[in-house]
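As structure tokens, the structure follows; a few thoughts come after it.
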Amino acid sequence: GAVVSQHPSWVICKSGTSVKIECRSLDFQATTMFWYRQFPKQSLMLMATSNEGSKATYEQGVEKDKFLINHASLTLSTLTVTSAHPEDSSFYICSARDLLGGEWDTQYFGPGTRLTVL
Amino acid sequence: DQQVKQNSPSLSVQEGRISILNCDYTNSMFDYFLWYKKYPAEGPTFLISISSIKDKNEDGRFTVFLNKSAKHLSLHIVPSQPGDSAVYFCAASATFGNEKLTFGTGTRLTIIP
């Protein structure tokens with residue numbers, strides 16, 4: 001089946017630094033990718049919708065200048081957490097929608113990236 | 001405001017018996033519902049979905065029931081197998097090009113051999 005990868009799977013950084021997380025669709029093209037954040041024992045919360053070649057659409061309450069999203073190609077979207085602080089520590093997970101897909105079962109999720117900010 | 005709720009954080013079921021996972025929602029605009037299964041260190045995997053025009057959808061051992069008036073849906077797994085042990089997320093969306101999913105908090109299902 002379709003595979004979505006994320007890199008890195010786990011990252012620890014110092015407060016004030018920036019961290020980039022990559023989301024790749026390995027065997028299909030994705031015009032749309034989604035970025036979610038999951039805090040412990042909570043649900044996945046949609047942060048933004050990333051469309052290839054255009055600006056991302058952010059959900060209410062998500063700072064676009066802090067969470068920079070770039071969707072430069074049909075197989076790659078990146079999320080950069082700028083000036084990270086301990087409260088940004090979370091599990092970040094992306095999903096990608098198959099270009100040719102018309103149904104919900106063609107949205108595939110990556111394995112997630114655990115970010116810990118010291 | 002948690003628009004999609006899974007009130008049981010965990011559930012244990014004997015192998016071979018039926019597993020029933022429940023999900024409630026509050027937003028009446030939701031008209032498409034999905035269940036995802038998630039293993040540790042992996043992304044959620046789509047399991048089954050249901051549109052609001054239906055009240056039941058079945059796929060092998062998995063059946064999803066939707067009660068629109070009660071804003072409630074449930075996932076039935078029968079017979080339950082050890083490989084079904086995972087975290088199950090309920091998700092909902094409104095249509096007309098809105099692909100955004102609102103997830104519940106998940107239910108950890110453990111199948112006891």
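Derivation of every value follows stated rules applied to the coordinates shown; laboratory data play no part. Note that the coordinates shown come from a computational prediction; the quantities given were computed from them, not determined experimentally. A quick note on method: Cβ atoms are made from the backbone with ideal geometry, for glycine too, and the neighbour counts reach across all protein chains shown.
Using 1/(1 + (r/R0)^6) with R0 = 25 angstrom and r between the beta carbons of residue A:55 and residue A:7, what's the FRET efficiency to the nearest 0.05? Show your work: numbers first, answer last.
Working: r = 23 Å, r/R0 = 0.93.
With R0 = 25 Å, the Cβ-Cβ based efficiency is 0.60.
Work out the mean other chain Cβ neighbour count within 10 Å for the residues of B:100-108 and drop it here as an integer. Present the calculation step by step, with values, prior to reporting the outcome.
Numbers: counts 5, 8, 4, 7, 3, 5, 5, 0, 0.
If you average over the peptide's residues, the count of other-chain Cβ atoms is 4.
Step through the residues of the stretch A:8-20 one at a time and calculate ³J(HN,Hα) from phi using the Karplus curve (6.51 cos²θ - 1.76 cosθ + 1.60, θ = phi - 60°), rounding each to whole Hz and writing x for Gly and Pro.
Running phi through 6.51 cos²θ - 1.76 cosθ + 1.60 with θ = phi - 60° gives x, 7, 8, 9, 10, 9, 7, 4, x, 8, 10, 10, 10 Hz.
Shape of the stretch B:14-113 from its Cα gyration tensor (a ≥ b ≥ c, root eigenvalues): rounded if a/c is under 1.5, otherwise prolate when a/b > b/c, or oblate?
On the way: a/c = 2.16, a/b = 1.55, b/c = 1.39.
Because a/c hits 1.5 or more and a/b exceeds b/c, the stretch B:14-113 counts as prolate.
How high is the FRET efficiency from residue B:69 to residue B:18, r the C-beta distance, R0 22 Å, rounded to 0.05? Don't skip to the end; give the middle numbers.
On the way: r = 24 Å, r/R0 = 1.08.
Calculated value: 0.40.
Quick one: if you stick a label point 7 Å off each Cα along the C-beta vector at residue A:85 and residue B:42, how many nm between them?
3.7 nm
Output the pairs from A:41/B:56; A:64/B:56; A:66/B:56; A:20/B:38; A:14/B:37 with a Cα-Cα distance over 31 Å in this structure; if there are none, say none. Walk me through the numbers on the way to the answer.
Working: A:41/B:56 29 Å; A:64/B:56 40 Å; A:66/B:56 42 Å; A:20/B:38 24 Å; A:14/B:37 33 Å.
The answer is A:64/B:56; A:66/B:56; A:14/B:37.
Binning every alpha carbon pair distance of the protein assembly as shown at 5 Å from zero, what are the percents per bin?
With a bin width of 5 Å, the distribution comes to 1, 7, 14, 18, 19, 17, 12, 7, 4, 1, 0.
For the residue pair residue A:18 and residue A:66, what label-to-label distance in nm results when each label sits 7 Å from Cα along the Cα-to-beta-carbon direction?
1.6 nm
In peptide B:31-42, how many Cβ atoms from other protein chains are near each Cβ within 10 Å, on average? Please list the in-between numbers first.
On the way: counts 0, 1, 1, 3, 0, 4, 0, 5, 1, 1, 5, 4.
Partner Cβ neighbours, averaged per residue: 2.
Mind listing which chymotrypsin sites (Phe, Trp or Tyr not before Pro) in the stretch B:61-113 are in a DSSP loop and have 15 or fewer other Cβ atoms within 10 Å? Intermediate values should be presented prior to the final figure.
Values: sites: B:62, B:65, B:88, B:89, B:96, B:103; in loops: B:96.
Filter output for the stretch B:61-113: B:96.
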